[in-house]
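The values are calculated or read from the model by the stated rules, or taken from the named source; none is laboratory data. What you see is a predicted model, and the numbers here were worked out from it, not measured in a lab. For accessibility, only protein heavy atoms count, side chains too; no ligands or nucleic acids. Shrake-Rupley method; radii C 1.70, N 1.55, O 1.52, S 1.80 Å.
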Amino acid sequence: MSKISTGAKIAIFAAIALVVFGGVFLGITLTKDVGKSEEQLTSESAQNRMEDLLSGIKVQQVNTKKAAISDEDVLSESEELPDINKTYPMSVTGSGAVNIEIFSSPEKAGTGTDGWLNDVAAEFNRSGATVNGKSATVSIRSVSSGPMLDYIKSGKYMPDAISPSNEFWGNMLQSSGVKITMKEKSIAGNTAGILLSKSKYQEIINKYGAVNMKVISQATASGEIAMGYTNPFVSSTGLNFLVSTLYTYDPDDLLSEKAVNGFKTFQENVPLVSYNTLQMRKSAEAGSLDAMVMEYQLFTNDASLNVNYVFTPFGVRHDNPVYAIGDLTAEKNELLEMFCAYCLNSTSQQHAKECGFNLNEKYKSELPDNIPGEKLLQAQKLYKENKNNGRPIIAVFIADTSGSMSGESINALQTSLVNSMQYISKDNYVGLISYNNRVYMNLPIGKFDINQQALFKGAVQSLDATGQTATYDALVVAIDMINKAMETQPDAKPMIFLLSDGEQNVGYSLNDIESVVKSYQIPVYSIGYNANIEALKKISEINEAATINADSDDIIYQLKNLFNSEM
């Protein structure tokens, strides 16, 4: 056997070492994640990506000065409300010598199967009706129940009559000192209901033997159902659900300590109180919710809902009562009664059925018929104070101060934020950043006490619009701020409010940051000021938050409703 040269020996040892090192390295690589959950891996990946993104962003600190907190910053309820003709235009306009205007809830004053009352009003106006020999017509204005209450209660705008979804709003108006007279208890039958996915419905039936409000409350409180409902300050169904939940815990007193404690336990396991029905449905479609609330008329007209959900009625009936507001003239009063009778004739009622009304007439409510309006108003306040069950919110506001926001938009942003401070709980934590072609730290996150409020006001009032638009850079910085704040407040609920016109032309793109936004699961509520709303929707839909398409005239009122729902 020939001898192996020294050089050959070195080469062989080097090869062996390389193989061993490679095997060890491969083994480490293959086994380093053994025992780690997918969530941990996602978190690590997101953190690494976040660090990469942050390395490409320069944040400039702003020396914020306090501004005095004053009652003059707070608009009256009337001043908060937008011009009704711009925000809630007429859906039917009457032109008779005698004409009455009726506020109607949207499910019957919209289009298609949601346009029943519009159709009836148009037919009535063509019928040649007269009062005292004068031509008589009606006008319909589609207004959600919450704004309906606010316009009338504040005296900003007074219609001749209203037709909300249920009687709660009439009771609350009466308790607010408004003269209101019921003219018809029901012009189109409807019910509120809980939609349970079919698989979850069967699961609850198997365990509890039935599905009703008591079972839903119990299953939600114990974490068996991911339940979503709509803002009780705006939505009839949301308010009905809130009251029904309180009633479940104490049927003798909706506001007792027992009811409040039960609601807190229930609310602790509710993942979503949505700003609107659209946001709630998006969450359900994404699989985040097992159950949500909705009126039967909308449910029965939606084929996809019929296929995937089971409807269980709850609470008071939504029978669309009609009320006269204030003291109507004799002619207007006669006309209103004439129109109610027209709504109840056989042709109108058949059309109502075709639109999805009058299909659940056997259902009778377990709730008392006449809950005082004062209790309903107190229930809304109770919801506001207890909806997060003691968990603080950590929120970062992102203000677009690029050149495209100059003028009307930046002025509306500043006015709306300063006024809306009053609707943010003092136990929450708030910060503010702004951006144009770079990102500015205007106010680090801090508890929203009187000192932080003064700093927040000062920061907002100092904003100036100029430059380009690096929206997604600012979003990355906001997420980083919240992540750091969550280290000391791990039980807090995080959220971001992006106030922008939706344009973006410099810095990172949505594709660059989308995976990070999704990984951290922080909802981004976008508020558009005369905006490219589709761009903002894409951001908010990542984590199933709402987008508000508000122009400069109604943003103040929109923010009020959003903060009542979320903050």
_Lysine pairs within the stretch 267-373, Cα separation less than 30 Å, 8 or more sequence positions apart or different chains_ = 4
*By Kyte-Doolittle mean hydropathy of at least 0.5 and Cα axial length of at least 27 Å, which whole DSSP H helices of the chain are selected?*
6-31
*As a check on your grasp of the helix formula, calculate [θ] at 222 nm for the chain: sum -39500 (n - 2.57) over DSSP H runs of n ≥ 4, divide by the residue count, round to the nearest 500.*
-13500 deg cm²/dmol
_Let me check against my output: what whole-number percent is the relative contact order of the stretch 459-567, with C-alpha pairs under 8 Å and at least 6 apart?_
23
_Straight-distance crosslink candidates among aspartates and glutamates, where the alpha carbon sits under 15 Å from Lys86 and sequence neighbours closer than 8 are dropped_ = Asp551, Asp553, Asp554
_Percent accessible area from carbon and sulfur atoms, the chain, protein chains only, probe 1.4 Å_ = 49
*Using modelled backbone amide H atoms (1.01 Å from N, in-plane), which distant-in-sequence or interchain residues come within less than 5 Å of Gly467's amide H?*
Gly403
_If each residue of separation counts as 0.36 nm, what is the full-extension length gain between Ser346 and Lys538 once their alpha-carbon separation is subtracted?_
64.5 nm
*Mind checking the per residue accessible area of the stretch 491-554 for me, 1.4 Å probe, whole number of Å²?*
38
*Probe 1.4 Å, protein heavy atoms only - accessible area per residue of the stretch 115-198 in square angstrom*: 31
*asked:* Let me check against my output: what whole-number percent is the relative contact order of the chain, with C-alpha pairs under 8 Å and at least 6 apart?
replied: 18
_Apply the a/c threshold of 1.5 to the C-alpha gyration tensor of the stretch 381-437 and tell me whether it is rounded, prolate or oblate._
prolate
*asked:* With both bridge residues required to lie in the chain, what share of the DSSP beta bridges run antiparallel, to the nearest 5%?
replied: 40
*Between Thr181 and Glu361, 0.36 nm times their residue separation minus their Cα-Cα distance comes to what?*
62.4 nm
*Taking Lys214 as the anchor, which aspartates and glutamates have their alpha carbon closer than 14 Å to its alpha carbon, excluding any fewer than eight residues away along the same chain?*
Glu224, Asp250, Glu366
*Hey, could you grab the Kirkwood Rh for the chain? Inverse mean 1/r over distinct alpha carbon pairs, Å, one decimal.*
26.3
*Where does each of Arg281, Arg126 land when they are ordered by accessible area, with a 1.4 Å probe and the largest first?*
Arg126, Arg281
_Largest to smallest accessible area among Met172, Met213, Met90, Met486 [probe 1.4 Å]_ = Met90, Met486, Met213, Met172
*Accessible area in square angstrom per residue, the stretch 211-369, 1.4 angstrom probe*: 40
*Determine the shape class of the stretch 455-567: with a ≥ b ≥ c the square roots of the Cα gyration tensor eigenvalues, call it rounded for a/c under 1.5, and otherwise prolate if a/b is greater than b/c, oblate otherwise.*
rounded
